[in-house]
Amino acid sequence: MYTVPKLEDYSEAELDRVFAELSREMYRDLAGCNSEADVEAFRVKWLGRKNGILVQISDSWIKGAPKSARREVGVRFNGLREQIEEYAVGSLAIAKGEKTVQLGTATRVLGDIRQRETDAKLASDRLDITLPGIQRPIGVKHPVLRVMDEIVAVFKAMGYSIGDGPEVETDYYNFESLNFPPNHPARDTQDTLFIAGQEQKPVRDRLLLRTHTSPVQIRTMEKQPPPVRIVIPGKVHRNDPLDATHSPVFHQVEGLAVDTNITFCDLKGTLDHAMKALFGSSVKTRFYPSFFPFTEPSADMQVSCIFCAGKGCRKCKFSGWIELLGCGMVDPNVFEFVKHNGYDSSKVSGFAFGMGVERIAILKYEVEEIQLFYEGDVRFLEQFA
Ligand SMILES: [Zn+2]
């Protein structure tokens with residue numbers, strides 16, 4: 001709290017001294033008034049009823065003044081009070097950004113103070129265009145997309161082209177044409193996110209978020225007669241809660257090869273080559289019988305553990321092998337849906353495979369949890385720069 005200077009006597013020189021000191025204090029305060037809150041603090045300090053400076057002057061200088069000096073002190077006091085009141089109003093108007101204020105000299109003085117400050121600020125803020133600019137680090141590809149591109153590149157080198165299709169699919173392309181008949185139990189293995197409010201539509205026309213990239217296989221075969229060799233990278237959706245190994249959105253790369261005389265040997269050779277290209281030439285593959293509606297026979301492909309080279313460790317649960325993808329020979333029932341475009345199962349055969357990109361990224365980069373890929377934490381992502 002500011003305390004008014006002590007008044008030694010009531011001589012004119014002493015009154016000049018103390019009022020000059022108050023005046024300096026006031027201008028210092030005004031120079032610091034930049035907001036409505038500042039103006040309010042100014043008002044309280046000077047005009048406040050409790051210990052405001054004017055109250056202090058009135059209490060200590062006026063009340064104790066000898067009769068001869070009372071008038072002189074009173075005149076100076078009133079002059080100071082008027083100035084302060086006007087400054088408070090003027091400062092508030094300026095803080096609020098009001099431009100036309102019809103006030104007296106005090107406000108003009110105040111305006112001059114403000115103008116000097118603004119000029120000083122402009123001078124100090126002057127832009128030096130010769131200074132070097134701000135360097136922004138260049139981003140890199142997200143690890144999931146990088147692995148996806150790597151997988152695609154391996155198949156491109158083998159002569160595959162890239163297929164693309166919608167993420168919002170019809171039941172027909174996502175399920176029916178891939179040999180998942182309505183009410184088939186295999187549909188339950190893919191927790192599907194359906195678009196709401198479609199009960200009026202026939203089942204095959206209902207829209208959903210694709211649960212795999214496989215619908216693009218049918219879409220491609222509808223457009224292009226055999227032979228066909230495509231890989232389909234893309235985003236897929238399932239109603240899985242986010243945990244260490246699951247995410248409601250993830251990425252797949254699927255492949256499809258259809259031609260005359262395609263055999264299971266071609267499937268094994270192709271995938272074995274792809275795994276060696278991705279994980280190194282010492283990696284081995286093996287195939288286990290499995291089930292998928294759209295392939296027959298179907299298999300799960302395993303790779304020899306890339307962490308222990310097949311000796312057995314915690315990552316491979318001491319089996320020496322890691323399950324990596326599903327594959328199989330295209331089921332003749334699937335060809336039935338595109339028979340009109342040259343896919344006659346007595347003349348052509350083919351294989352298909354599909355892999356989770358995050359799963360491969362987790363193995364390649366030894367990432368513990370799938371969530372890390374989606375959180376956008378720069379500390380995690382910059383490791384891949
Ligand atoms: Zn292992």
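Might you check whether a residue that is more than 13 Å from the ligand (Cβ to nearest atom), of a type in the set (A, V, I, L, M, F, W, C) and open to solvent by less than 40 Å² (accessible area, probe 1.4 Å) occurs anywhere in region 302-321?
Among the residues of region 302-321, not one is more than 13 Å from the ligand (Cβ to nearest atom), of a type in the set (A, V, I, L, M, F, W, C) and open to solvent by less than 40 Å² (accessible area, probe 1.4 Å), which makes the answer no.
Within region 278-301, count every residue that is among the small types (Gly, Ala, Ser) and open to solvent by less than 60 Å² (accessible area, probe 1.4 Å).
Residues in region 278-301 being among the small types (Gly, Ala, Ser) and open to solvent by less than 60 Å² (accessible area, probe 1.4 Å): 4 in total.
Are there any pairs, at least 6 apart or on different chains, whose C-beta atoms fall under 6 Å, with the first in region 306-318 and under 17 Å from Ser281 (Cα atoms) and the second open to solvent by less than 80 Å² (accessible area, probe 1.4 Å) and assigned to a loop (DSSP other than H, G, I, E, B), and if so, which?
Phe307/Cys313; Gly310/Gly320
Of all residues in region 201-211, which are open to solvent by 40 Å² or more (accessible area, probe 1.4 Å) and either within 16 Å of Ala257 (Cβ to Cβ) or among the aliphatic types (A, V, I, L, M) (or both)?
Residues satisfying the conditions are Val203, Leu207, Leu209.
Let me confirm something: among Phe77, Phe42, which residue is at pLDDT 75 or above, in contact with an Asp or Glu (Cβ under 9 Å, 6 or more places away or on another chain) and under 19 Å from Ala20 (Cα atoms)?
Phe42
State all residues of region 257-273 that are part of a helix (DSSP H, G or I) and crowded, with 17+ Cβ neighbours inside 10 Å; if no residue qualifies, say none.
If the condition is that a residue be part of a helix (DSSP H, G or I) and crowded, with 17+ Cβ neighbours inside 10 Å, then Leu267, Lys268, Thr270, Leu271, Asp272 are the ones that fit.
From the list Ser345, Ser349, exactly one residue is modelled with pLDDT of 95 or more, hydroxyl-bearing (Ser, Thr, Tyr), under 18 Å from Pro226 (Cα atoms) and open to solvent by 20 Å² or more (accessible area, probe 1.4 Å). Which is it?
Being modelled with pLDDT of 95 or more, hydroxyl-bearing (Ser, Thr, Tyr), under 18 Å from Pro226 (Cα atoms) and open to solvent by 20 Å² or more (accessible area, probe 1.4 Å) holds for just one of Ser345, Ser349, which is Ser349.
Here is a list: Thr295, Thr270, Thr263, Thr285. Which entry is of a type in the set (S, T, N, Q) and farther than 18 Å from Leu324 by Cβ?
Thr263 is the lone residue from the list that is of a type in the set (S, T, N, Q) and farther than 18 Å from Leu324 by Cβ.
Might you check whether a residue that is within 28 Å of Lys235 (Cβ to Cβ), in contact with a helix residue (DSSP H, G or I) (Cβ under 6 Å, 6 or more places away or on another chain) and within 16 Å of the ligand (Cβ to nearest atom) occurs anywhere in region 333-353?
Looking through region 333-353, none of the residues is within 28 Å of Lys235 (Cβ to Cβ), in contact with a helix residue (DSSP H, G or I) (Cβ under 6 Å, 6 or more places away or on another chain) and within 16 Å of the ligand (Cβ to nearest atom).
State which residue is farthest from Met148 (Cα to Cα) when the search covers only region 212-245 and only residues that are within 24 Å of the chain's Cα centre (by Cα) and buried (at least 16 other Cβ atoms within 10 Å of the Cβ).
The qualifying residue farthest from Met148 (Cα to Cα) is Arg238.
If the requirement is being among the charged types (D, E, K, R) and in contact with a Leu (Cβ under 8 Å, 6 or more places away or on another chain), which of these qualifies: Arg219, Arg229, Arg187, Arg204?
Matching residue, one of Arg219, Arg229, Arg187, Arg204: Arg229.
Select from region 135-156 the residues that are open to solvent by 90 Å² or more (accessible area, probe 1.4 Å) and modelled with pLDDT of 85 or more and write down the one among them that is farthest from Val228 (Cα to Cα).
Filtering region 135-156 for residues that are open to solvent by 90 Å² or more (accessible area, probe 1.4 Å) and modelled with pLDDT of 85 or more, the one farthest from Val228 (Cα to Cα) comes out as Lys141.
Exactly one condition in (1) on the phi > 0 side of the Ramachandran plot; (2) without any contact (Cβ under 8 Å) to a residue 60 or more places away in the chain is not met by Asn239; state its number.
Condition (1) is where Asn239 drops out.
From the list Phe337, Phe380, which residue is in contact with a Phe, Trp or Tyr (Cβ under 9 Å, 6 or more places away or on another chain), on the phi < 0 side of the Ramachandran plot, surrounded by fewer than 19 Cβ atoms within 10 Å (Cβ to Cβ) and without any contact (Cβ under 8 Å) to a residue 60 or more places away in the chain?
On inspection, the qualifying residue turns out to be Phe380.
Residue by residue, here is whether (1) within 25 Å of Gln115 (Cβ to Cβ); (2) open to solvent by less than 50 Å² (accessible area, probe 1.4 Å); (3) out of contact with any Leu (no Cβ under 8 Å at 6 or more places or on another chain) holds:
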position: Phe19; (1), (2), (3): no, yes, no
position: Tyr27; (1), (2), (3): yes, no, yes
position: Gly32; (1), (2), (3): yes, yes, yes
position: Val44; (1), (2), (3): no, no, yes
position: Arg49; (1), (2), (3): no, no, yes
position: Arg71; (1), (2), (3): no, no, yes
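The values are calculated or read from the model by the stated rules, or taken from the named source; none is laboratory data. On a predicted model such as this, the values are computed, not experimentally measured, just so you know. Reconstructed Cβ throughout: ideal geometry from the backbone, glycine too, with neighbour counts over all protein chains shown. Remember, those area values only see protein heavy atoms, side chains included, never the ligands or the DNA or RNA. Shrake-Rupley method; radii C 1.70, N 1.55, O 1.52, S 1.80 Å.
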